[in-house]
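Visitor: What follows is a single structure, and I will ask about it in a moment.
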Amino acid sequence: MIAEQGTVVSWPDLDADFTIMSLLHGVYGGKRWMSELARRGGEAKSKAKARAARINGAKGGRPQKTVAHGRNRRG
């Protein structure tokens with residue numbers, strides 16, 4: 001539904017309202033917004049995620065970080 005003289009898009013069933021200008025400027029779809037969504041998704045717990053963690057753990061877990069060859073090291 002378009003509300004407030006055409007400046008707001010509203011979804012009452014979702015309790016969500018977005019201004020047209022914010023949508024046009026990428027406020028809701030920018031890199032920072034998507035990064036926050038990904039961070040929250042990573043916190044989610046599900047049976048599938050728990051199963052994947054168990055399988056990865058059985059394989060030895062995350063690989064250790066390695067230093068790239070040929071880089072100068074300062075001591």
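Visitor: For Arg32 and Ala58, compute 0.36 nm times the residue count separating them, minus their Cα-Cα distance, and round to one decimal in nm.
Guide: Working: separation 26, 0.36 × 26 = 9.36 nm, distance 3.42 nm.
Extra length available between Arg32 and Ala58 comes to 5.9 nm.
Visitor: Still on this structure, I have one more. According to a simple spin-label model (label point 7 Å from Cα along Cα-to-Cβ), what is the distance in nm between Lys65 and Asp17?
Guide: So the label points at Asp17 and Lys65 sit 4.5 nm apart.
Bear in mind these aren't lab numbers, they're just calculated from the coordinates by the rules spelled out. As the structure is a prediction and not an experimental result, all values here were calculated from the model. Backbone-built Cβ (ideal geometry, glycine too); neighbour counts: all protein chains shown.
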